[in-house]
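As structure tokens, the structure follows; a few thoughts come after it.
The values are calculated or read from the model by the stated rules, or taken from the named source; none is laboratory data. It should be emphasised that the depicted structure is a prediction, and the values quoted were computed from it without experimental measurement. A quick note on method: Cβ atoms are made from the backbone with ideal geometry, for glycine too, and the neighbour counts reach across all protein chains shown.
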Amino acid sequence: MNRQKTVSALLTALSVLLALIWLAPLYWLVMTALTKTTFNMSFFPSSPFTFENIQYVWHAVPFGQYYLNTIILVVVTFLIQFLTSTMAAYSLAFLNFRGKALVIVVIFMQIIIPNDVLIIPNYLTLSEIGLIDTKFGIMIPFLGSAMAIFLLRQHFKTVPRAFGEAAKIDGANLWQIIWRVYMPCAKPAYMSFAVISVSYHWNNYLWPLIVTRSPQNRPLTVGLAIFAKSKEADMQWSNVCAATLIIILPLLLAFFIMQRHFMNSFVSAGIKE
Amino acid sequence: MTRNAAARRRKEALQGWMLLLPALAIMLVFTVYPVFRSLYLSLFKYRMGKVPEWIGLGNYEQLFSNSTFWKVMRNTVVFALMTVLPSMALGLMLALLVNRRGRHIGFIRSSFFYPSVMPMIAIASVWMFIYMARNGLFDQLLISLGLEPMNVLSNKDTVLPAMAVMYDWKEAGYLMIFFLSGIQSISQDVTEAAAIDGATGWKTFRYITLPLLAPTTLFVSTIAFTNCFKLADQVIIMTEGAPNNASTLLLYYIYQQGFTNMNYGRSSALTVIMLALLMVVSLPRFFSQDRKIHYN
């Protein structure tokens, strides 16, 4: 029994040590962003606490605009995905028609092929339909989400059929059945899908980089990359850290508040879009 | 009555397709069509602003006789070797470590997982300073130990390993949660039975946990491969392929050929090669029993 206790204590110590190693870059990032710039980089920044770096970066880069852009992108993408995926999931879960198997093939294709791999042909398509440098152009490839459809379909299927039929007998139409019966039952699936969609689009970089040309449409990630690679940022670790902190803070806070929920969402979706 | 049934079926089919239409249209235009378009365009000599000219397999022949292409393929494979297995091993190890109850276990799990909710672009911006020459945290550590600074991002032998370390740090926590859910779905009865039979920790892991985790492991390997192929953000931020293409990965090469050199024919051929790679690493998804566990 004693030996077991020792092993358990050692394992705890090991996991705490590893957790500290994992947290080290975040610690350094936050400390460097919030202390006065020094001549040499230090792992334990000890210069006085300050908001100067944050203030400087906030004014040097149009982060206000970028924030707005990212929020618009994330919210509108999610709302449209919410509608299209709910409809598609209901259809695949309950309606019988020929050609369904083919739709499943298309869904699997999207699960296997990450959007970033198709940047060349999708860029060409986007320029042909005139959506380069628009917010809608950034969103459009994601408005039909295989991950969301799959997740919702699986959840809808666990709802007893009698619920839907009872509503039908009471005279509810299709929309009312989906809205009143199936959506409330699939709440956990919607929550998971929201977490994944929002984190993906908040963090997405390559596609928005290719699509956008102007600050009016650039999301935070693209803005950060431009700043991190600019001359002003060269060797300016405090400023780059401040800029990084500005863009990661909302999602990171949300994550630390709802850790369990975030991790479960990623497991239940099984994929990042 | 039968006519009625037929009409009802038709109505159901119509309703089914109408509900699918918006999502399906997007998926067809932005996932299915681009796959075929890449195949088609890869057969043309096609630069921006020029008329495409049919050259058959010309793009592929040019690539296959180009040493940079082979360097990129080598980098991509080497990077996959340095990331997939290590991040899976780390992920499994972390999952075993945090598969306990305790007051702080949630916080410890989160410390491993939080890099997954940060954009790669932010992570790379921070790690650039860790890896920076002389003044960077890593070189400072070396100097304080009396060693020579390495300036890892400028050396062709260390640039990929340096990126791989950063990547494994980011990815291990993500893979951890899949292993954790796999471990927790193994019935307690099995491990208890093993304990009664006198199996110790290591033996239980080796002969019970690990074999029962096989489907999860297969599934995780697909995710790990796909994720490592689909990332170019860190290359764009940290090195742009330097030094001398030592850190150019396939997706970055696609991006560079398409958007810097404006060579759509060649970058389409590279896209086709990427798609072939993704097909190969996704095969387990179709044979895996575990599909049920993770997709339901």
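Filtering B:LEU142, B:LEU147 for residues that are more than 10 Å from chain A (Cβ to nearest Cβ), closer than 24 Å to A:LEU23 by Cβ and free of Cβ contacts under 8 Å to residues at least 12 places away in the same chain leaves a single hit, B:LEU142. Within the set A:VAL16, A:VAL30, the sole residue that is within 17 Å of B:VAL126 (Cβ to Cβ) and either at pLDDT 90 or above or outside the structural domain of A:TRP237 (by TED's automatic domain parsing) (or both) turns out to be A:VAL30.
Quick one: which residue in A:SER127, A:SER91 is crowded, with 19+ Cβ neighbours inside 10 Å, over 30 Å from A:SER238 (Cβ atoms) and either hydroxyl-bearing (Ser, Thr, Tyr) or touching a residue at least 12 places away in the same chain (Cβ under 8 Å) (or both)? Full working, then the answer.
Values: A:SER127 fails: crowded, with 19+ Cβ neighbours inside 10 Å.
Only one candidate qualifies: A:SER91.
Is it the case, given these coordinates, that A:PHE142 is in contact (Cβ under 8 Å) with a residue 24 or more places away in the chain, surrounded by fewer than 20 Cβ atoms within 10 Å (Cβ to Cβ) and at the interface with another protein chain (Cβ under 9 Å from one of its Cβ atoms)? It is false that A:PHE142 is in contact (Cβ under 8 Å) with a residue 24 or more places away in the chain, surrounded by fewer than 20 Cβ atoms within 10 Å (Cβ to Cβ) and at the interface with another protein chain (Cβ under 9 Å from one of its Cβ atoms).
Among residues that are among the aliphatic types (A, V, I, L, M), in a helix (DSSP H, G or I) and closer than 17 Å to B:TRP127 by Cα, A:ILE196 is not included.
With the range B:157-255 as the region, which helices (runs of 4 or more DSSP H) entirely inside it contain at least 2 residues that are touching a Cys at 6+ places or on another chain (Cβ under 9 Å)? Spell out the reasoning first.
Numbers: elements: B:159-184, B:188-196, B:201-204, B:214-229, B:233-238.
The qualifying helices (runs of 4 or more DSSP H) are B:159-184.
Just one of the listed residues (B:LEU85, B:LEU97) is in contact with a Leu (Cβ under 7 Å, 6 or more places away or on another chain) and farther than 20 Å from B:MET238 by Cβ, namely B:LEU97.
Taking helices (runs of 4 or more DSSP H) as the structural unit, those lying wholly within the range B:9-121 and holding at least 2 residues that are among the small types (Gly, Ala, Ser) correspond to B:67-98, B:105-113.
Taking the range A:1-49 as the range and being more than 11 Å from every other protein chain (Cβ to nearest Cβ) and within 30 Å of the chain's Cα centre (by Cα) as the test, the residues that pass are A:MET31, A:LEU34, A:THR35.
Select from the range B:95-131 the residues that are aromatic (Phe, Trp, Tyr) and at pLDDT below 95 and write down the one among them that is farthest from A:ILE248 (Cα to Cα).
The first filter runs over the range B:95-131 and keeps only residues aromatic (Phe, Trp, Tyr), leaving B:107, B:112-114, B:127, B:129, B:131.
From the residues that got through so far, the ones that are at pLDDT below 95 too are B:107, B:127, B:129, B:131.
On the way: B:PHE107: 19, B:TRP127: 15, B:PHE129: 17, B:TYR131: 21 Å.
Here the residue is B:TYR131.
Please return the ranges of helices (runs of 4 or more DSSP H) entirely within the range A:215-272 where 3 or more residues are at pLDDT below 95, farther than 29 Å from A:ILE113 by Cα and within 8 Å of chain B (Cβ to nearest Cβ).
On the way: elements: A:220-229, A:237-257, A:259-269.
Answer list for the range A:215-272: A:237-257.
Those residues that are hydrophobic (A, V, I, L, M, F, W, C) and touching a residue at least 12 places away in the same chain (Cβ under 8 Å), I need them from the range B:192-212; list them, please.
Narrowing the range B:192-212 to residues hydrophobic (A, V, I, L, M, F, W, C): B:193-196, B:199, B:202, B:205, B:208, B:210, B:212.
Correct list: B:ALA194, B:PHE205, B:ILE208, B:LEU212.
Working carefully through the options A:VAL181, A:VAL117, find the one that is in a helix (DSSP H, G or I), of a type in the set (Val, Ile, Thr) and more than 13 Å from chain B (Cβ to nearest Cβ). Write out each step before concluding.
Numbers: A:VAL117 fails: more than 13 Å from chain B (Cβ to nearest Cβ).
Unique residue meeting the criteria: A:VAL181.
Inspect all residues belonging to the range B:85-95 and state whether any of them is within 10 Å of another protein chain (Cβ to nearest Cβ) and free of Cβ contacts under 8 Å to residues at least 24 places away in the same chain. Looking through the range B:85-95, at least one residue is within 10 Å of another protein chain (Cβ to nearest Cβ) and free of Cβ contacts under 8 Å to residues at least 24 places away in the same chain.
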